[in-house]
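K.L.:
Once you've had a glance at the structure underneath, I'll fire off some questions.
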Amino acid sequence: MSATGIGAAVRRKEDLRFITGKGQYTDDVIRPGETRAVFVRSPHAHAKIKAIDTSAAKSLPGVVAVLTGKELANDKIGNLICGWMIHSKDGTPMKMAPHPALAADKVCHVGDAVAVVVASTYAQARDAAEKVNVDYEALPAVIDPAKTKSGPQIHEVAPKNTIYEWSLGDAKAVDGAFANAKHVTKLDIINNRLVPNAIEPRAALAEYDAGTGHLTLWNTTQNPHVSRLVIAAFVGMAPEHKLRVIAPDVGGGFGSKIFIYPEEVVCLWAARKIGRPVKWTADRSESFVTDAHGRDHVTHAELALDANGKFLAMRVKTIANLGAYMSTFSSSVPTYLYATLLSGQYDIPQIYCEVDAVYTNTVPVDAYRGAGRPEATFVVERLVEVAAREMAIDPADLRKRNFIKSFPHQTPVIMAYDAGDYNASLRKALDLADVKGFNKRKREAARRGKLRGLGYSTYIEACGIAPSQAVGSLGCGVGLWESAEVRVNPTGSVEVLTGTHAHGQGHETTFAQLVSDRLGIPFENVSIVHGDTDKVQFGMGTYGSRSGAVGMSAIVKALDKIEAKAKKVAAHMLEAAEGDIVFKDGKFTVAGTDKSAAWGDVALNAYIAHKFAGQELEPGLKETSFYDPTNFTFPAGCHICEVEVDRDTGKTEIVNWTAVDDFGTVVNPMIVEGQVHGGIAQGIGQALLERAVYDQDGQLVTGSLMDYCMPHAHDLPSFKVGLTETKAPSNPLGIKGCGEAGAIASPAAVINAITDAIGTEELAMPATSQVVWAALMRAQPSQAA
Amino acid sequence: MPGVSMTVNGKPVTGDVEARTLLVQFLRENLRLTGTHVGCDTSQCGACVVHIDGIAAKACTTLTLQCEGAKITTIEGLADPDGPLHPMQEAFREHHGLQCGFCTPGMIMAALDIVRRRGNDLDEHTIREQLDGNICRCTGYHNIVKAIAAGAKAMAKSGARQAAE
């Protein structure tokens, strides 16, 4: 392994600009003549728009335009769409309601945009937005996802507010297995609604060039090409070739910046209308009521076991709240990203899952770090832990008894796991966490009046999203391959254009490690280009831990072509047969001789083309590849959480965290560990602190960082992180992906630990001090403080 | 509009601003110093932390006119453009204390203030408690805590200014 090759903890290329304040985020970009947009948003969860009076706002200084949903409709700007078709059990397609970028007739959630004010300065736009007078007729709202069927209907297309009633698996076979079970564990679970809260708020800056008819959009997006495709082909803003989307530095995404939102559409439309650039940047309060939220499941789950604790079957019924409109990929999250992972790391012969997706008068819900897989893992790992306790089997032992041990393994819920060693990660985690010493620590804690508990989560996820044919057959509207273009310059330096997008993941470093490793050239001589549809021809962006497994595989394929072409050039230079050229450590050698050409000489010769005629070999050294994966990848591992609960206050302290993950090949262990830390923090946030709360009228009670509890440094422990490795057989580098594992594994580990400490399974997330204290009082009333 | 003058990163600057203009707006929009970020509107996230007369402050909750005559340091002013990085900047890079980079300028400016108040030998508990005014969504803080401890130590060694003036 070289100092900058695959496997090295190389310090990041991108850091210099960030630690010196030289990053370029969307809000940092400024265009000549730029105006600022402020949106007028609904204060009601559900209301008819009777009239909008913009005259007072228009008369204020600096105001350039005040535009409403009626004008948007008049200009034939199309609706936003959900790109994944799900069919109900009865074969009917999902009920996708119209989602205009500005509401014209009615609003469906607090924060729904009804008008936009464009002015010379932000302050002027904000002042004027206050003067837009909207006459609403408030309607009763539907908030509780478990009570949508009897509530007022939000959208004409969706009777009983039902989007789809979907199922996966063989219900009859599952019923049969349950009938023969020795033991059945049952749980009711609420997977709490979360707000992603990337620290950079969403922003959009649109510019129109009247001379060429081109529109340019700088946007906080994880996938600029998908954004361009949807805005061109569905919204109809401009033809695809006349729309450029640039995603510059993006300050965190966690899924919430995958989606195509109303604001970028409106900025583009307004910029063309007024002939000046239009910039919008969300303030945090606005983010809370417009960024797609995550999770929000209500679930009943059952696990059937035989007398030895062998799993026989699982039955799951989930209501998934998708909010007021169907966001870009919302339909896939509680279905194919959820039910397909219900087998966990276990050999479960039969699984049946039903999911009802419903509309409510709340912000749309879509993918948030893990997307469906944290919800599935929470169901599986809570069921397993509770079953172990009910049957008085050690939870680690029950897991071992049911682990899948041979591969490939076909689960009853679509997925075919291709590689893994679940015992290895469990064993290593038990060691690192010193589980043997736990009882001693528990007794010691008890002497201090603390309740100590231990919780496991042996999770699996499906990453490397995804084989295009497979997702296409399941309803996905796009292919999920990835592209790479490798440009070798005449001086031998290399630019790689990738269709993935980095917003914290460090691709500029890890992708350069791959190229440096493969071509034997200095790491410094490689640049990674991403996030601009005018530079990168097409790509699917970054989410679902796909950039390593899919994006880097595309680079490998392009590098294969580069090497093949470079060998041809070298053969001409060295006057040898192409088949005799060996490429190693940045040098082309004629096999069995000392004749060689350096990488830089070959690159130069490819361009000056003096040594070969253009008819036999094209000049230049640039290759493109589109890589379509053959399977998902299956990162898996074991997280162990150890807590101490204060009996008097219910306050939980995480005293030990151990994570052992199998991500396949690790390109940069420093970056991988960082991804694990961040994911765990978000999972602990879900388990202990975070919950988006709506009141019965649809007001978001937790609508600011003062009310929504984000994890702070003092809420979290340091983490012990270890790795095991089985290569992913489906891609050339053996990478499985690491971005979401922490968020997927951790909530179950935390709740398993607290319930172990307090001796009751009835514990909701987030397990705040109050929630834990109340659970303690229910479980041990005699010990009330 | 009232006029204002102050020193920013060692250079005298003046401007005419509305009375309601926040320091962060003045820095970002008037002076084009976009390293200071805005991540919230309730003074929680700390992406906007700068130093006013050597003390950390949230530029999103400070009026520009309050800074008349003050010496302001932003992330851009921490290291000489031609010189080495400040040890705290270097520590964040060395310990992978950043991912998306958006909270980073505020984190580094806040970290320097922790050193000013608590010295160069910082334990994990102190750092975690003292970082209450800054939120990071990417790192889980693990590496930020390591970076601040190491940066504080490196500052003692190099004799770096605790808070740039």
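K.L.:
Looking at segment A:668-710 only, could you name the residues that are acidic (Asp, Glu) and within 21 Å of B:Asn143 (Cβ to Cβ)? Write out each step before concluding.
P.N.:
Looking only at segment A:668-710, we keep the residues that are acidic (Asp, Glu), and these are A:673, A:690, A:695, A:697, A:707.
Once the filter is applied, which keeps residues that are acidic (Asp, Glu) and within 21 Å of B:Asn143 (Cβ to Cβ), segment A:668-710 yields only A:Glu673.
K.L.:
Out of all the residues in segment B:84-92, is one or more within 11 Å of chain A (Cβ to nearest Cβ), of a type outside the set (Lys, Arg) and part of a loop (DSSP other than H, G, I, E, B)?
P.N.:
Start the filter on segment B:84-92 by keeping residues that are within 11 Å of chain A (Cβ to nearest Cβ), which leaves B:85-86, B:88-92.
Cutting the leftovers down to of a type outside the set (Lys, Arg) gives us B:85-86, B:88-92.
From the residues that got through so far, the ones that are part of a loop (DSSP other than H, G, I, E, B) too are B:85-86.
There is at least one residue in segment B:84-92 that is within 11 Å of chain A (Cβ to nearest Cβ), of a type outside the set (Lys, Arg) and part of a loop (DSSP other than H, G, I, E, B).
K.L.:
Select from segment A:362-398 the residues that are β-branched (Val, Ile, Thr) and either surrounded by fewer than 22 Cβ atoms within 10 Å (Cβ to Cβ) or not in a loop (DSSP other than H, G, I, E, B) (or both) and list them in ascending order. Before the answer, list the steps.
P.N.:
Initial filter on segment A:362-398 (β-branched (Val, Ile, Thr)): A:362-363, A:365, A:377, A:379-380, A:384, A:386, A:393.
Within segment A:362-398, A:Val365, A:Thr377, A:Val379, A:Val380, A:Val384, A:Val386, A:Ile393 meet the criteria.
Residue-by-condition table, conditions (1) over 22 Å from the mean Cα position of the chain (by Cα); (2) under 29 Å from B:Gly140 (Cα atoms):
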| site | (1), (2) |
| --- | --- |
| A:His183 | yes, no |
| A:Trp218 | no, yes |
| A:Leu229 | no, no |
| A:Phe234 | yes, no |
| A:Leu268 | yes, no |
| A:Arg284 | no, yes |
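K.L.:
Name the single residue that is nearest to A:Gly252 (Cα to Cα) among those in segment B:122-143 being part of a loop (DSSP other than H, G, I, E, B) and out of contact with any helix residue (DSSP H, G or I) (no Cβ under 7 Å at 6 or more places or on another chain).
P.N.:
Of segment B:122-143, the ones part of a loop (DSSP other than H, G, I, E, B) are B:122-123, B:131-141.
Imposing the further condition that a residue be out of contact with any helix residue (DSSP H, G or I) (no Cβ under 7 Å at 6 or more places or on another chain) reduces the set to B:123, B:135, B:137.
Details: B:Asp123: 28, B:Ile135: 13, B:Arg137: 8 Å.
Among those residues, the one meeting the criterion is B:Arg137.
K.L.:
Is there any pair with a first residue in segment B:142-153 that is facing chain A (nearest Cβ under 8 Å) and a second that is at pLDDT below 95 and in a helix (DSSP H, G or I) whose Cβ atoms are under 6 Å apart and which are 6 or more apart or on different chains, and what are they?
P.N.:
none
K.L.:
I'd like to verify a number: residues in segment A:193-242 that are within 17 Å of A:Ile77 (Cβ to Cβ) and within 14 Å of chain B (Cβ to nearest Cβ), how many?
P.N.:
Taking segment A:193-242 and keeping what is within 17 Å of A:Ile77 (Cβ to Cβ), we get A:204, A:206, A:208, A:213, A:215, A:217, A:219, A:227-240, A:242.
If we keep only those that are within 14 Å of chain B (Cβ to nearest Cβ) as well, we get none.
Total meeting the criteria: 0.
K.L.:
Run down A:Gly33, A:Gly62, A:Gly23 and say which single residue is within 14 Å of chain B (Cβ to nearest Cβ), on the phi > 0 side of the Ramachandran plot and touching a residue at least 40 places away in the same chain (Cβ under 8 Å).
P.N.:
On the way: A:Gly33 fails: within 14 Å of chain B (Cβ to nearest Cβ); A:Gly23 fails: on the phi > 0 side of the Ramachandran plot.
That would be A:Gly62, the only listed residue that is within 14 Å of chain B (Cβ to nearest Cβ), on the phi > 0 side of the Ramachandran plot and touching a residue at least 40 places away in the same chain (Cβ under 8 Å).
K.L.:
Tell me which residues, restricted to segment A:612-629, are closer than 30 Å to A:Ser547 by Cβ and aromatic (Phe, Trp, Tyr).
P.N.:
Filtering segment A:612-629 for residues closer than 30 Å to A:Ser547 by Cβ gives A:620-629.
Across segment A:612-629, the qualifying residues are A:Phe626, A:Tyr627.
K.L.:
Considering only residues of segment A:328-347 that are among the hydrophobic types (A, V, I, L, M, F, W, C) and touching a strand residue (DSSP E or B) at 6+ places or on another chain (Cβ under 6 Å), which is farthest from A:Met94 (Cα to Cα)?
P.N.:
In the first step, residues of segment A:328-347 are kept if they are among the hydrophobic types (A, V, I, L, M, F, W, C); the result is A:329, A:333, A:337, A:339, A:341-342.
From what's left, touching a strand residue (DSSP E or B) at 6+ places or on another chain (Cβ under 6 Å): A:329, A:339, A:342.
On the way: A:Phe329: 13, A:Ala339: 17, A:Leu342: 23 Å.
The qualifying residue farthest from A:Met94 (Cα to Cα) is A:Leu342.
K.L.:
Right, something else. Taking segment A:84-100 only, how many residues are touching a strand residue (DSSP E or B) at 6+ places or on another chain (Cβ under 7 Å) and either of a type in the set (Asp, Glu) or crowded, with 16+ Cβ neighbours inside 10 Å (or both)?
P.N.:
Going through segment A:84-100, the residues touching a strand residue (DSSP E or B) at 6+ places or on another chain (Cβ under 7 Å) turn out to be A:84-89, A:93-95.
Restricting the remaining residues to those that are either of a type in the set (Asp, Glu) or crowded, with 16+ Cβ neighbours inside 10 Å (or both) gives A:84, A:86, A:88, A:94-95.
Residues in segment A:84-100 being touching a strand residue (DSSP E or B) at 6+ places or on another chain (Cβ under 7 Å) and either of a type in the set (Asp, Glu) or crowded, with 16+ Cβ neighbours inside 10 Å (or both): 5 in total.
K.L.:
Residue by residue through segment B:1-49, note down the ones that are touching a residue at least 12 places away in the same chain (Cβ under 8 Å), hydroxyl-bearing (Ser, Thr, Tyr) and within 22 Å of B:Ala111 (Cβ to Cβ).
P.N.:
Here is the first cut: in segment B:1-49, the residues touching a residue at least 12 places away in the same chain (Cβ under 8 Å) are B:1-10, B:13, B:15-27, B:30-31, B:33, B:35-41, B:43-49.
Applying the additional criterion that residues be hydroxyl-bearing (Ser, Thr, Tyr) yields B:5, B:7, B:21, B:36, B:43.
Of everything in segment B:1-49, those that are touching a residue at least 12 places away in the same chain (Cβ under 8 Å), hydroxyl-bearing (Ser, Thr, Tyr) and within 22 Å of B:Ala111 (Cβ to Cβ) turn out to be B:Thr36, B:Ser43.
K.L.:
Determine whether A:Ala603 is more than 41 Å from the chain's Cα centre (by Cα) and of a type in the set (Gly, Ala, Ser).
P.N.:
Values: more than 41 Å from the chain's Cα centre (by Cα): no; of a type in the set (Gly, Ala, Ser): yes.
Considered against the rule, which asks whether it is more than 41 Å from the chain's Cα centre (by Cα) and of a type in the set (Gly, Ala, Ser), A:Ala603 comes out as no.
K.L.:
Let me ask something else about it. Can you tell me which residue is surrounded by the fewest Cβ atoms within 10 Å (Cβ to Cβ) among those in segment A:619-645 that are part of a loop (DSSP other than H, G, I, E, B) and touching a residue at least 40 places away in the same chain (Cβ under 8 Å)?
P.N.:
A:Thr630
K.L.:
Here is a further query. Of the numbered conditions (1) touching a Ser or Thr at 6+ places or on another chain (Cβ under 9 Å); (2) closer than 26 Å to A:Asp249 by Cβ; (3) not aliphatic (A, V, I, L, M), B:Asp113 satisfies every one except a single condition; which is it?
P.N.:
(1)
K.L.:
Okay, moving on. How about segment A:652-686: which of its residues are part of a loop (DSSP other than H, G, I, E, B) and either on the phi > 0 side of the Ramachandran plot or at the interface with chain B (Cβ under 10 Å from one of its Cβ atoms) (or both)? Break it down stepwise before answering.
P.N.:
Applying the first criterion (part of a loop (DSSP other than H, G, I, E, B)) to segment A:652-686 yields A:663, A:665-668.
Correct list: A:Asn668 only.
K.L.:
Moving to a separate point now. Residue check, A:Val245 against (1) away from every other protein chain (no Cβ under 14 Å); (2) surrounded by 21 or more Cβ atoms within 10 Å (Cβ to Cβ); (3) in a loop (DSSP other than H, G, I, E, B); (4) of a type in the set (Val, Ile, Thr), all met but one. Which one?
P.N.:
A:Val245 satisfies every listed condition except (3).
K.L.:
Identify the residue in segment A:101-127 that is of a type in the set (Gly, Ala, Ser) and closer than 19 Å to A:Met326 by Cα and, among all such residues, is surrounded by the fewest Cβ atoms within 10 Å (Cβ to Cβ).
P.N.:
Restricting attention to segment A:101-127, the residues satisfying the condition of being of a type in the set (Gly, Ala, Ser) are A:101, A:103-104, A:111, A:113, A:115, A:119-120, A:123, A:125.
Cutting the leftovers down to closer than 19 Å to A:Met326 by Cα gives us A:101, A:103-104, A:111, A:113.
Numbers: A:Ala101: 26, A:Ala103: 26, A:Ala104: 17, A:Gly111: 23, A:Ala113: 23.
Result: A:Ala104.
The values are calculated or read from the model by the stated rules, or taken from the named source; none is laboratory data. The shown structure was predicted, so the numbers you read here are calculated from the model rather than taken from an experiment. As a convention, Cβ positions derive from the backbone with ideal geometry for all residues, glycine included, and neighbour counts pool all protein chains shown.
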